[in-house]
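Structure first, commentary second.
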Amino acid sequence: MQRVMASMDVKGSATEDVTYTSSKLWTTDMSKPEIRFSCSNHYGLKVTISFEPAENPVGRVGVASMDARSVPVWFENGEKSTAAWTVVRRLRRIQTRSSGTAISIYNAVVRGETFDIDEPFGDRVTFTPPPPNQEFADFASACSVTNGG
């Protein structure tokens, strides 16, 4: 897996202007899912998982409906989290709706522990995160939820 860190400003939203800091983990094997962490003072820590390979353009054009579904996550330490995620079925993408689930996934990455997620309408997927590096540390230090920012 590789990492990249970015910052994004969202202007003119329904609530207020929000600045996100994000860190993306992806594998060099494009058949594996991508994990993106994002953080803002307004929305806290979020995790987005794209089950579709990043370079596959299928289903990335047009309007995609979203719904909330309960998605179980199993952690190497024996912890299990079942919480609502926002599911974009057409894009094969999910995003945490619970900060607790996002924090549990973040902590698993920090500890280098694997975790499994049942892809909605799909199979169980095992994630083996790479060890944290400087880009991930920079993200953590910029995020108020992870004791930074």
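FYI, it's all coordinate maths here, none of it is from the lab. Everything numeric here is computed off the predicted structure, so don't read it as measured data. Reconstructed Cβ throughout: ideal geometry from the backbone, glycine too, with neighbour counts over all protein chains shown.
Sorting 129-137, 33-41 by their mean Cβ neighbour count within 10 Å, with the most densely packed peptide first, gives 33-41, 129-137. Placing pseudo-labels 7 Å out from each Cα toward the beta carbon at Arg111 and Met66 gives an inter-label distance of 2.9 nm. Under 11 Å from the Cβ of Arg124, count the other residues' Cβ atoms, weight Lys and Arg +1, Asp and Glu -1, and hand me the total. Charge balance in the 11 Å sphere: -4. Measuring r between the beta carbons of Lys80 and Thr126 and using R0 = 22 Å, the FRET efficiency lands at 0.95. For Ser98 and Gln134, the FRET efficiency from 1/(1 + (r/R0)^6), where r spans their Cβ atoms and R0 equals 25 Å, is about 0.30.
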